[in-house]
1. Check off (1) modelled with pLDDT under 90; (2) open to solvent by 100 Å² or more (accessible area, probe 1.4 Å); (3) on the phi < 0 side of the Ramachandran plot for Asp19 and give me the number that stays unchecked.
2. Quick check on segment 27-80: of everything there that is small (Gly, Ala, Ser) and surrounded by 13 or more Cβ atoms within 10 Å (Cβ to Cβ), which residue is farthest from the chain's Cα centre (by Cα)?
3. I'd like the full set of residues that are among the aromatic types (Phe, Trp, Tyr) and open to solvent by 100 Å² or more (accessible area, probe 1.4 Å), limited to segment 1-16.
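The values are calculated or read from the model by the stated rules, or taken from the named source; none is laboratory data. Only a predicted model underlies this, so the values are computations on that prediction, with no experimental measurement involved. Neighbour counts run over all protein chains shown; Cβ positions are idealised from the backbone, glycine included. Please note that ligands, DNA and RNA were not included when accessible areas were found on the heavy atoms of the full protein model with its side chains. Shrake-Rupley method; radii C 1.70, N 1.55, O 1.52, S 1.80 Å.
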Amino acid sequence: KRFKEPKEERRPWRIWFYDTSKQAIGALFIHFANIFLSDLTEEDPCSLYLINFILDATLGMLLIWLGVKVVSWIVQHQKYTYLVFGEYG
């Protein structure tokens with residue numbers, strides 16, 4: 001995926017790894033949550049995955065967007081230079 005980015009805009013390997021590792025951790029978390037919930041409720045894992053995916057794609061994205069806005073406002077207001085989103089130093 002990294003090589004699909006335009007060469008002049010391509011992120012350094014370290015920043016690319018930070019960005020993609022967040023996605024991998026999220027995918028692992030939802031995978032193990034589905035396994036745990038399917039064992040706990042004895043429901044079909046596929047239907048639980050669909051429910052989790054729909055909730056994540058709607059409510060989850062709304063919560064993340066709100067969280068990013070709140071944290072960005074606090075960072076800007078308090079002038080915390082180490083907590084700016086997308087800036088890895």
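1. The single condition Asp19 does not satisfy is (2).
2. Of all residues in segment 27-80, those small (Gly, Ala, Ser) come to 27, 33, 38, 47, 57, 60, 67, 72.
Next cut, surrounded by 13 or more Cβ atoms within 10 Å (Cβ to Cβ) only: 33, 38, 60, 72.
Details: Ala33: 15, Ser38: 23, Gly60: 10, Ser72: 16 Å.
Among residues in segment 27-80 that are small (Gly, Ala, Ser) and surrounded by 13 or more Cβ atoms within 10 Å (Cβ to Cβ), the one farthest from the chain's Cα centre (by Cα) is Ser38.
3. The answer is Phe3, Trp13.
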